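Data block below; observations after.
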Amino acid sequence: MVKCFNCAGKAVVELSYAGAAFCQPCFFRHFERLVRKANREFRLVRRGDRIAVAVSGGKDSAALLWSVKYLAELAGDVRVFPVLVDEGIAGYRLHAIVKARQLCKKLGFGLKVVSFKQLFGRQLDAIIRKRDSGKSKGEGACAYCGVLRRKALEKTAKQLRCNKLALGHNADDLAQTFLMNLLKGEAGRNARLRLNDEGDSPFVRRIRPLTFVPERECALFALMNGLPFHLGECPYSTEAFRGTVKDFLNEAECRHPGTKLKLLNSFLELRNAVVPKDASAVKCRECGAPSFNETCRACQLTRALNGGKPRSRSVKRR
Ligand code: SF4
Ligand code: ZN
Ligand code: ZN
(Lines give C-alpha, C1' and ligand atoms only; values in the text may rest on other atoms or scores of the structure.)
(Ligands and ions follow the chains in the order given, each with its own letter.)
Protein backbone atom coordinates (compact mmCIF):
# COMPACT_ATOMS: atom_id res chain seq x y z
CA MET A 1 0.00 0.00 0.00
CA VAL A 2 1.27 3.44 -0.91
CA LYS A 3 1.20 5.66 2.17
CA CYS A 4 0.13 9.28 2.46
CA PHE A 5 3.13 11.58 2.59
CA ASN A 6 1.55 13.53 5.48
CA CYS A 7 -0.36 11.15 7.72
CA ALA A 8 0.79 7.66 6.62
CA GLY A 9 -2.85 6.73 5.83
CA LYS A 10 -3.76 5.00 2.56
CA ALA A 11 -2.79 7.23 -0.35
CA VAL A 12 -5.30 7.75 -3.16
CA VAL A 13 -3.28 10.21 -5.27
CA GLU A 14 0.34 9.91 -6.36
CA LEU A 15 2.19 13.01 -7.56
CA SER A 16 5.34 11.77 -9.22
CA TYR A 17 6.67 15.27 -9.99
CA ALA A 18 6.67 16.01 -6.25
CA GLY A 19 7.70 12.53 -5.11
CA ALA A 20 4.58 12.57 -2.91
CA ALA A 21 1.34 10.69 -2.38
CA PHE A 22 -1.74 11.82 -0.44
CA CYS A 23 -4.87 10.41 1.15
CA GLN A 24 -8.03 12.31 0.20
CA PRO A 25 -8.13 14.81 3.11
CA CYS A 26 -4.40 15.55 2.74
CA PHE A 27 -4.80 15.96 -1.04
CA PHE A 28 -7.55 18.54 -0.42
CA ARG A 29 -5.24 20.41 1.95
CA HIS A 30 -2.45 20.23 -0.66
CA PHE A 31 -4.83 21.72 -3.27
CA GLU A 32 -5.87 24.50 -0.89
CA ARG A 33 -2.21 25.26 -0.17
CA LEU A 34 -1.50 25.72 -3.90
CA VAL A 35 -4.49 28.05 -4.24
CA ARG A 36 -3.42 30.09 -1.20
CA LYS A 37 0.12 30.25 -2.60
CA ALA A 38 -1.16 31.90 -5.81
CA ASN A 39 -3.33 34.21 -3.71
CA ARG A 40 -0.32 35.26 -1.61
CA GLU A 41 2.13 35.65 -4.48
CA PHE A 42 -0.18 37.48 -6.88
CA ARG A 43 -2.49 39.27 -4.40
CA LEU A 44 -5.61 37.81 -6.00
CA VAL A 45 -8.65 38.14 -3.75
CA ARG A 46 -9.17 41.00 -1.30
CA ARG A 47 -11.98 42.15 0.99
CA GLY A 48 -14.52 44.22 -0.96
CA ASP A 49 -13.76 42.64 -4.35
CA ARG A 50 -16.45 41.93 -6.93
CA ILE A 51 -15.19 38.98 -8.95
CA ALA A 52 -16.56 37.69 -12.25
CA VAL A 53 -15.59 34.03 -12.62
CA ALA A 54 -15.27 32.52 -16.09
CA VAL A 55 -16.92 29.12 -16.00
CA SER A 56 -17.17 26.81 -18.97
CA GLY A 57 -18.68 23.68 -17.46
CA GLY A 58 -15.32 21.86 -17.58
CA LYS A 59 -13.20 20.49 -14.75
CA ASP A 60 -10.92 23.51 -14.50
CA SER A 61 -13.76 25.92 -14.12
CA ALA A 62 -15.29 23.66 -11.45
CA ALA A 63 -12.01 23.77 -9.52
CA LEU A 64 -11.81 27.52 -10.21
CA LEU A 65 -15.25 28.41 -8.88
CA TRP A 66 -14.63 26.32 -5.77
CA SER A 67 -11.26 28.10 -5.29
CA VAL A 68 -12.67 31.60 -5.74
CA LYS A 69 -15.41 30.78 -3.23
CA TYR A 70 -12.75 29.47 -0.82
CA LEU A 71 -10.57 32.59 -1.18
CA ALA A 72 -13.64 34.85 -0.98
CA GLU A 73 -14.62 33.27 2.33
CA LEU A 74 -11.08 33.69 3.65
CA ALA A 75 -11.02 37.37 2.63
CA GLY A 76 -14.63 38.18 3.65
CA ASP A 77 -17.00 40.68 2.01
CA VAL A 78 -16.36 39.46 -1.56
CA ARG A 79 -19.11 39.13 -4.21
CA VAL A 80 -18.74 36.34 -6.80
CA PHE A 81 -20.45 36.30 -10.24
CA PRO A 82 -20.00 33.16 -12.38
CA VAL A 83 -20.19 33.98 -16.11
CA LEU A 84 -20.39 31.51 -18.98
CA VAL A 85 -19.78 32.47 -22.59
CA ASP A 86 -21.80 30.39 -25.03
CA GLU A 87 -19.73 30.48 -28.22
CA GLY A 88 -22.36 28.59 -30.19
CA ILE A 89 -20.69 25.23 -30.81
CA ALA A 90 -23.31 22.66 -31.75
CA GLY A 91 -23.26 19.40 -29.83
CA TYR A 92 -20.77 20.67 -27.27
CA ARG A 93 -21.50 23.86 -25.38
CA LEU A 94 -25.11 23.10 -24.42
CA HIS A 95 -24.07 19.98 -22.45
CA ALA A 96 -21.43 22.03 -20.69
CA ILE A 97 -23.97 24.74 -19.77
CA VAL A 98 -26.11 22.12 -18.02
CA LYS A 99 -23.10 21.08 -15.90
CA ALA A 100 -22.14 24.70 -15.22
CA ARG A 101 -25.65 25.39 -13.91
CA GLN A 102 -25.45 22.33 -11.64
CA LEU A 103 -22.04 23.46 -10.39
CA CYS A 104 -23.25 26.98 -9.60
CA LYS A 105 -26.30 25.63 -7.82
CA LYS A 106 -24.16 23.29 -5.73
CA LEU A 107 -21.84 26.12 -4.71
CA GLY A 108 -24.67 28.58 -4.08
CA PHE A 109 -24.35 30.97 -7.04
CA GLY A 110 -26.49 32.07 -9.99
CA LEU A 111 -25.00 31.74 -13.48
CA LYS A 112 -24.96 34.53 -16.05
CA VAL A 113 -24.83 33.23 -19.63
CA VAL A 114 -23.81 35.52 -22.50
CA SER A 115 -23.41 34.42 -26.10
CA PHE A 116 -21.36 35.26 -29.16
CA LYS A 117 -24.66 35.55 -31.01
CA GLN A 118 -25.88 38.32 -28.65
CA LEU A 119 -22.58 40.15 -28.48
CA PHE A 120 -21.07 39.72 -31.94
CA GLY A 121 -24.06 38.77 -34.08
CA ARG A 122 -22.78 35.29 -35.00
CA GLN A 123 -22.19 31.96 -33.30
CA LEU A 124 -18.74 30.39 -33.59
CA ASP A 125 -20.12 27.69 -35.93
CA ALA A 126 -21.37 30.44 -38.27
CA ILE A 127 -18.04 32.27 -38.06
CA ILE A 128 -16.21 29.11 -39.09
CA ARG A 129 -18.64 28.48 -41.95
CA LYS A 130 -18.04 32.04 -43.11
CA ARG A 131 -14.28 31.55 -42.79
CA ASP A 132 -14.43 28.34 -44.80
CA SER A 133 -16.51 29.95 -47.54
CA GLY A 134 -13.90 32.69 -48.07
CA LYS A 135 -11.01 32.57 -50.50
CA SER A 136 -8.31 33.03 -47.89
CA LYS A 137 -7.69 30.37 -45.31
CA GLY A 138 -8.42 32.55 -42.25
CA GLU A 139 -7.48 31.84 -38.66
CA GLY A 140 -7.93 28.62 -36.69
CA ALA A 141 -11.25 28.30 -34.84
CA CYS A 142 -9.52 28.81 -31.49
CA ALA A 143 -8.16 32.20 -32.57
CA TYR A 144 -11.70 33.52 -33.19
CA CYS A 145 -13.04 31.75 -30.13
CA GLY A 146 -10.29 32.87 -27.74
CA VAL A 147 -10.26 36.50 -28.84
CA LEU A 148 -14.04 36.90 -28.81
CA ARG A 149 -14.45 35.03 -25.54
CA ARG A 150 -11.89 37.29 -23.85
CA LYS A 151 -13.76 40.30 -25.14
CA ALA A 152 -17.12 38.89 -23.99
CA LEU A 153 -15.78 38.19 -20.50
CA GLU A 154 -14.17 41.62 -20.18
CA LYS A 155 -17.36 43.33 -21.28
CA THR A 156 -19.59 41.27 -18.99
CA ALA A 157 -17.28 41.75 -16.01
CA LYS A 158 -17.50 45.51 -16.56
CA GLN A 159 -21.30 45.36 -16.86
CA LEU A 160 -21.40 43.51 -13.54
CA ARG A 161 -19.16 46.24 -12.05
CA CYS A 162 -16.52 43.67 -11.19
CA ASN A 163 -12.99 44.80 -10.41
CA LYS A 164 -11.56 41.32 -11.09
CA LEU A 165 -12.08 38.50 -13.56
CA ALA A 166 -11.05 35.00 -12.45
CA LEU A 167 -9.82 32.62 -15.13
CA GLY A 168 -9.39 28.85 -14.85
CA HIS A 169 -5.87 28.66 -16.29
CA ASN A 170 -3.99 25.94 -14.46
CA ALA A 171 -0.24 25.24 -14.31
CA ASP A 172 -0.38 23.12 -17.49
CA ASP A 173 -2.23 25.86 -19.40
CA LEU A 174 0.30 28.51 -18.43
CA ALA A 175 3.29 26.29 -19.28
CA GLN A 176 1.65 25.53 -22.68
CA THR A 177 0.95 29.21 -23.33
CA PHE A 178 4.53 30.16 -22.53
CA LEU A 179 5.96 27.52 -24.87
CA MET A 180 3.39 28.20 -27.61
CA ASN A 181 4.22 31.89 -27.64
CA LEU A 182 7.91 31.08 -27.97
CA LEU A 183 7.28 28.55 -30.75
CA LYS A 184 5.09 31.02 -32.63
CA GLY A 185 7.76 33.72 -32.39
CA GLU A 186 5.51 35.84 -30.18
CA ALA A 187 7.62 36.05 -27.03
CA GLY A 188 6.24 39.54 -26.32
CA ARG A 189 2.87 38.00 -25.52
CA ASN A 190 4.44 36.29 -22.52
CA ALA A 191 5.41 39.70 -21.20
CA ARG A 192 1.79 40.89 -21.49
CA LEU A 193 0.34 37.92 -19.61
CA ARG A 194 -0.64 39.73 -16.46
CA LEU A 195 -0.52 37.75 -13.23
CA ASN A 196 -0.07 40.26 -10.46
CA ASP A 197 -0.20 43.79 -11.79
CA GLU A 198 -2.34 46.03 -9.66
CA GLY A 199 -1.48 49.37 -11.22
CA ASP A 200 -3.68 51.40 -13.52
CA SER A 201 -5.05 49.36 -16.41
CA PRO A 202 -8.11 49.82 -18.60
CA PHE A 203 -8.70 46.04 -18.47
CA VAL A 204 -10.55 44.34 -15.63
CA ARG A 205 -7.80 42.74 -13.58
CA ARG A 206 -7.49 39.04 -14.42
CA ILE A 207 -6.69 36.61 -11.65
CA ARG A 208 -5.67 32.96 -11.92
CA PRO A 209 -6.06 31.10 -8.61
CA LEU A 210 -5.06 27.76 -10.26
CA THR A 211 -1.66 29.04 -11.46
CA PHE A 212 0.21 26.44 -9.39
CA VAL A 213 -2.28 23.56 -9.72
CA PRO A 214 -1.49 20.98 -12.44
CA GLU A 215 -4.40 20.04 -14.71
CA ARG A 216 -4.60 16.49 -13.41
CA GLU A 217 -5.00 17.76 -9.87
CA CYS A 218 -7.82 20.13 -10.91
CA ALA A 219 -9.64 17.13 -12.36
CA LEU A 220 -9.00 14.95 -9.31
CA PHE A 221 -10.09 17.70 -6.96
CA ALA A 222 -13.33 18.33 -8.86
CA LEU A 223 -14.01 14.61 -9.06
CA MET A 224 -13.31 13.84 -5.39
CA ASN A 225 -15.37 16.83 -4.30
CA GLY A 226 -18.35 15.76 -6.36
CA LEU A 227 -18.29 19.01 -8.38
CA PRO A 228 -20.31 18.62 -11.60
CA PHE A 229 -18.32 19.04 -14.82
CA HIS A 230 -18.55 18.14 -18.48
CA LEU A 231 -15.98 15.81 -20.04
CA GLY A 232 -16.72 16.33 -23.73
CA GLU A 233 -14.20 17.71 -26.16
CA CYS A 234 -14.77 20.71 -28.40
CA PRO A 235 -15.05 19.60 -32.06
CA TYR A 236 -12.62 22.34 -33.08
CA SER A 237 -9.90 21.30 -30.63
CA THR A 238 -8.13 19.30 -33.37
CA GLU A 239 -7.39 22.62 -35.12
CA ALA A 240 -5.54 23.96 -32.09
CA PHE A 241 -1.77 24.36 -32.01
CA ARG A 242 -2.16 24.15 -28.25
CA GLY A 243 -3.03 20.46 -28.65
CA THR A 244 0.35 19.75 -30.26
CA VAL A 245 2.18 21.59 -27.48
CA LYS A 246 0.06 19.86 -24.85
CA ASP A 247 0.88 16.39 -26.23
CA PHE A 248 4.57 17.26 -26.36
CA LEU A 249 4.60 18.49 -22.75
CA ASN A 250 2.60 15.49 -21.53
CA GLU A 251 5.11 13.15 -23.10
CA ALA A 252 8.04 15.10 -21.66
CA GLU A 253 6.36 15.06 -18.24
CA CYS A 254 5.83 11.33 -18.46
CA ARG A 255 9.50 10.69 -19.18
CA HIS A 256 10.83 13.48 -16.97
CA PRO A 257 8.40 14.25 -14.12
CA GLY A 258 8.47 17.90 -13.11
CA THR A 259 9.10 19.25 -16.62
CA LYS A 260 5.89 21.27 -16.74
CA LEU A 261 6.39 22.92 -13.37
CA LYS A 262 10.00 23.74 -14.26
CA LEU A 263 8.78 25.37 -17.46
CA LEU A 264 6.17 27.33 -15.51
CA ASN A 265 8.82 28.47 -13.03
CA SER A 266 11.08 29.56 -15.90
CA PHE A 267 8.19 31.62 -17.25
CA LEU A 268 7.59 33.27 -13.87
CA GLU A 269 11.30 34.02 -13.42
CA LEU A 270 11.67 35.49 -16.91
CA ARG A 271 8.56 37.57 -16.44
CA ASN A 272 9.94 39.13 -13.29
CA ALA A 273 13.16 39.89 -15.13
CA VAL A 274 11.84 41.34 -18.37
CA VAL A 275 8.19 42.38 -18.11
CA PRO A 276 7.67 46.01 -19.05
CA LYS A 277 5.37 47.07 -16.20
CA ASP A 278 3.58 49.57 -18.38
CA ALA A 279 2.79 47.59 -21.56
CA SER A 280 0.50 50.40 -22.60
CA ALA A 281 -3.04 49.82 -23.77
CA VAL A 282 -4.98 52.24 -25.96
CA LYS A 283 -8.66 52.43 -26.92
CA CYS A 284 -9.57 50.39 -30.00
CA ARG A 285 -10.50 52.91 -32.67
CA GLU A 286 -13.46 50.81 -33.78
CA CYS A 287 -15.09 49.61 -30.58
CA GLY A 288 -13.41 51.64 -27.85
CA ALA A 289 -12.38 48.55 -25.87
CA PRO A 290 -8.89 48.53 -24.36
CA SER A 291 -6.32 47.11 -26.75
CA PHE A 292 -2.58 46.85 -27.28
CA ASN A 293 -3.08 47.78 -30.96
CA GLU A 294 -4.91 50.66 -32.64
CA THR A 295 -7.65 48.20 -33.63
CA CYS A 296 -8.33 45.39 -31.16
CA ARG A 297 -7.87 41.80 -32.27
CA ALA A 298 -11.62 41.10 -32.10
CA CYS A 299 -12.36 43.97 -34.50
CA GLN A 300 -9.52 42.87 -36.78
CA LEU A 301 -10.95 39.34 -37.00
CA THR A 302 -14.53 40.56 -37.48
CA ARG A 303 -13.40 42.96 -40.18
CA ALA A 304 -11.50 40.21 -42.02
CA LEU A 305 -14.60 37.98 -41.96
CA ASN A 306 -16.64 40.79 -43.46
CA GLY A 307 -14.34 41.38 -46.35
CA GLY A 308 -12.59 44.34 -44.74
CA LYS A 309 -15.71 46.21 -43.51
CA PRO A 310 -16.15 46.92 -39.81
CA ARG A 311 -19.44 45.66 -38.37
CA SER A 312 -21.32 44.53 -35.32
CA ARG A 313 -23.84 46.40 -33.24
CA SER A 314 -21.84 45.60 -30.15
CA VAL A 315 -18.62 47.15 -31.31
CA LYS A 316 -19.47 50.81 -31.72
CA ARG A 317 -17.12 53.50 -30.53
CA ARG A 318 -18.08 54.59 -27.03
FE1 SF4 B 1 -12.93 27.53 -28.43
FE2 SF4 B 1 -10.83 26.21 -29.46
FE3 SF4 B 1 -11.53 25.82 -26.92
FE4 SF4 B 1 -13.10 24.93 -28.90
S5 SF4 B 1 -11.01 24.23 -28.43
S6 SF4 B 1 -13.80 26.00 -27.04
S7 SF4 B 1 -12.84 26.53 -30.45
S8 SF4 B 1 -10.77 27.73 -27.81
ZN1 ZN C 1 -3.03 11.91 4.70
ZN1 ZN D 1 -12.25 46.78 -31.18
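Treating only the Cβ of Lys, Arg, Asp and Glu as charged (+1, +1, -1, -1), what charge dipole size does the chain show about its Cα centre? Round to the nearest 20 debye.
That gives a dipole near 1320 debye.
Taking the solvent-accessible surface of protein heavy atoms with a 1.4 Å probe, what is the per residue accessible area of the chain in Å²?
Ligands and nucleic acids excluded, the result is 51 Å² per residue.
Counting only DSSP beta bridges with both residues in the chain, what percent are antiparallel, rounded to the nearest 5?
Around 30 percent antiparallel, to the nearest 5.
Could you name the aspartates and glutamates whose alpha carbon sits less than 19 Å from that of Lys105, not counting residues in the same chain fewer than 8 places away?
Asp60, Glu73, Asp86
Please work out whether the stretch 62-206 counts as rounded, prolate or oblate from its C-alpha gyration tensor, where a ≥ b ≥ c are the square roots of the eigenvalues and a/c under 1.5 means rounded, while otherwise a/b larger than b/c means prolate and anything else oblate?
oblate
Please check the chain for the longest run free of GluC sites (Glu not before Pro) that are loop-located per DSSP (anything but H, G, I, E, B) and have at most 11 other Cβ atoms within 10 Å.
1-185
Using only protein heavy atoms and a 1.4 Å probe, report how much of Met180 is accessible, in Å² to the nearest 10.
Surface accessible to solvent at Met180 totals approximately 20 Å².
Helix 124-133 sits at what angle to the longest principal axis of the chain, using alpha carbons and giving 0 to 90 degrees rounded to 10?
Tilt of helix 124-133: around 50 degrees.
Could you work out how far helix 24-42 tilts from the main Cα principal axis of the chain, as a 0 to 90 degree angle to the nearest 10?
Its long axis makes an angle of about 50 degrees.
Suppose every Lys and Arg Cβ carries +1 and every Asp and Glu Cβ carries -1, with no other charges. What dipole size does the stretch 1-147 come out with about its Cα centre, to the nearest 20 debye?
It works out to roughly 180 debye.
Taking springs between alpha-carbon atoms closer than 10 angstrom, which of Ala187, Ala72, Ala166 fluctuates most in the Gaussian network model of the chain?
The residue that fluctuates most here is Ala187.
Where does helix 259-274 land angle-wise versus the long Cα axis of the chain, in degrees 0 to 90, nearest 10?
Compared with the principal axis, the helix lies near 60 degrees.
Roughly how many percent of the accessible protein surface of the chain is carbon and sulfur, given a 1.4 Å probe and a whole-percent answer?
C and S fraction of accessible area: 51 percent.
What trypsin sites (Lys or Arg not before Pro) does the stretch 10-66 have in DSSP loop regions with at most 14 other beta carbons within 10 Å?
Arg43, Arg47
Which links in Lys59/Lys112; Lys164/Lys246; Lys59/Lys106 stretch past 24 Å when you go from one Cα to the other?
From the list (Lys59/Lys112; Lys164/Lys246; Lys59/Lys106), the Cα-Cα distance tops 24 Å for Lys164/Lys246.
The values are calculated or read from the model by the stated rules, or taken from the named source; none is laboratory data. This one's a predicted model, so the numbers in the text were calculated from it and none came from an experiment. We place every Cβ from the backbone using ideal geometry, glycine too, and count neighbours over all the protein chains shown. Just so you know, the surface numbers come from the protein's heavy atoms only, side chains and all, with ligands and any DNA or RNA stripped out. Shrake-Rupley method; radii C 1.70, N 1.55, O 1.52, S 1.80 Å.
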